[in-house]
Amino acid sequence: MALSSYEHPIMSKVTRTSKRKSEHIRINLEEDVRSGLTTGLERFQFEHLAVPELDFSKIDLSLNFLELALQAPLLISSMTGGTQEAKAINIALAEAAEAKGIALGLGSQRAALENRDLEDTYNIRKYAPTIPIFANLGAVQINYGYALDECKRAVEMVQADALVLHFNALQEALQPEGDTNFEGLLSKIENIATHLSVPIIAKEVGWGIGAHSARLLIDSGVRVIDIAGAGGTSWSQVEMYRADTEARAKIAATFIDWGIPTSSAVIEVHQALPQIDIIASGGLRSGVDIAKCIALGASLGGMASPYLKAAVISTRAVVEAIDLVIAELKICMFASGIADLQALRSYELRQAR
C-alpha cells in the first residue's frame, strides 16, 4: 500500500492543509499522543547542596542566542498557524513570550504560502516586538516547489530572526497526503543558507536528530540544531488518530516507541559538534528537565504541549506556565549551587540512583 497515494478528490491543497492544522490542534488537546519512550532525562540528577553558598535573588538566567537577548533559556516550540483558532493561540503565545523575554517558534507557514489570506494567523510581531521569533517551513517542501523565494517570504511574513526547517520524514510517510521525497535536500538547503538573510535552524518534530544527521546539516550551512527528541508528543500517534482506514491506524501505532530519546540526542550532538547551539525539545515538562538538558550541552530548552494547553485558555495562563518553568529552573540551580547558565553548562550531572 502506498501511504502517500490517497487524496480527497474534491478538496483543494489549501483546504487540505488548513484542515490538517485544525485536526492536529484538536488531537493534541484531546487525545493521548505520548511517545512510548521516555526522554531519558530521568537517568540523570543534580547533587543537592545543603549549603549552596548562593543568594537566590542573584541567579542569572539571561543569555544571548544567535546574538539576540533572552531573559531565560526558554523557547515556545513551533506549534500552529493557518486557522482562526491557531491565530488566537499564536497571539496568546506571542504576548506571553514578549512579557517574559523568551523565544517563540511558529508553526509551519505552508498554509499561508498557499493562501495569503491565512498570513494573519501567523503575523504576531506586533504582539511581540522585541523577542526572537522563528519562522517555519517543512524542509521536504524544498523538493515540492519551494525555494529561496518561499523561504524569504516566510521570514518576511513574520519579521523572523531565524528560519526553522523542520524534518518530519516519518510523519510524512504516515500521512495519506504526505510528501515523502527527501532525496537531495542538503545541497538545496546549502544554497538557501548561503543567500538567506537570517540563520537556519534544523528541527525534528519528535523523533530526534543524532550526530550523523547533525553533521550533515551543519555542513550544509545550518546554524542551530533543535534535536526534538523522543519522549513527548509522538506524531505517529497523532497520525494514528487522523488515519482514514484501520490499516493506516495500525501502521502508525507501530511507531509509538520510535526515535532517539531527547537526552541521548543532546549528548550525541553536543559531543560531535561541541561549538554549535543546540535546542533541546521533545518531552520536556519542567524547569528541572531544561536544566538537565543545558548541563548535557543544550543552549535552550523548548516546550510546546504545556503552552498549547495554556494558550487555549488565555495569555495569562501562558505567562503562568512560563513563570512555573522559570521558578523550577532557578530553584534547581539554587539547590545545586549553580549561579548562572555558564556554570550550568559546565555542570556534571550524576547518574540517578
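By average Cβ neighbour count within 10 Å, what is the ranking of 190-198, 255-263, 67-75 from highest down?
Numbers: 190-198: 15.4, 255-263: 22.1, 67-75: 19.8.
Put in order of decreasing packing, that is 255-263, 67-75, 190-198.
How far is it, in nm, from the label point at LEU216 to the one at TRP258 when both lie 7 Å from their Cα along the line to the Cβ?
If labels sit at LEU216 and TRP258, their model points lie 1.6 nm apart.
Compare ALA280, ALA92, ALA50 in a GNM of the chain, Cα atoms joined below 10 Å, and give the one with the largest fluctuation.
In the Gaussian network model the winner is ALA50.
Among the DSSP beta bridges whose two residues both lie in the chain, what percent are antiparallel, rounded to the nearest 5?
Taking every DSSP beta bridge with both residues in the chain, the antiparallel ones total about 20 percent.
In square nanometres and to one decimal, what's the mean projected area of the convex hull around the Cα atoms of segment 172-250? Show your work: numbers first, answer last.
Working: hull surface 25.3 nm².
Average projection, Cα convex hull of segment 172-250: 6.3 nm².
For segment 264-348, what does the alpha-carbon gyration tensor say about shape, rounded, prolate or oblate, given a ≥ b ≥ c as the root eigenvalues, a/c under 1.5 as rounded, and a/b over b/c as prolate? Could the numbers behind the result be given before it?
Working: a/c = 2.88, a/b = 1.50, b/c = 1.92.
Cα axes put segment 264-348 in the oblate bin.
For Cα Rg over 2.2 N^0.38 Å, the choices are (1) 1.30; (2) 0.95; (3) 1.45; which was calculated from the structure?
Checking each listed value against the structure points to (2).
Compute the distance in nm between two label points, each set 7 Å from the Cα along the Cα-to-Cβ direction, one at THR245 and one at SER22.
Simple spin-label model gives 2.5 nm for this pair.
Give the angle, between 0 and 90 degrees and rounded to the nearest 10, that separates the Cα long axis of helix 287-296 from the longest principal axis of the Cα atoms of the chain.
Taking Cα atoms only, the helix is inclined about 90 degrees.
Would any residue of segment 160-185 have its amide N under 16 Å from a label point 7 Å out along Cα→Cβ of TYR144? List them or say none.
165-185
Which order results if SER62, SER346, SER299 are arranged by neighbouring Cβ count within 10 Å, fewest first?
Working: SER62 12, SER346 9, SER299 22.
By the 10 Å Cβ count, ascending, the order reads SER346, SER62, SER299.
Nearest 20 debye, what's the magnitude of the dipole of the chain about its Cα centre given +1 on Lys and Arg Cβ and -1 on Asp and Glu Cβ?
Working: 32 positive and 42 negative charges, 42 e Å.
Dipole size: approximately 200 debye.
When the Kirkwood radius is taken over all Cα pairs of segment 15-134, what Stokes-Einstein diffusion coefficient follows at 4 °C and 1.567 mPa s, in µm²/s?
Value of D from the Cα-based Kirkwood radius: 76 µm²/s.
What net charge do the residues around ALA321 carry, taking every other residue with its C-beta under 12 Å from that of ALA321, with Lys and Arg at +1 and Asp and Glu at -1?
+1
We did not get these values from a lab; they are worked out from the coordinates using the rules stated. Source: prediction; values computed, not measured. Positions of Cβ are generated from backbone atoms using ideal geometry, with glycine treated the same way; all protein chains shown enter the neighbour counts.
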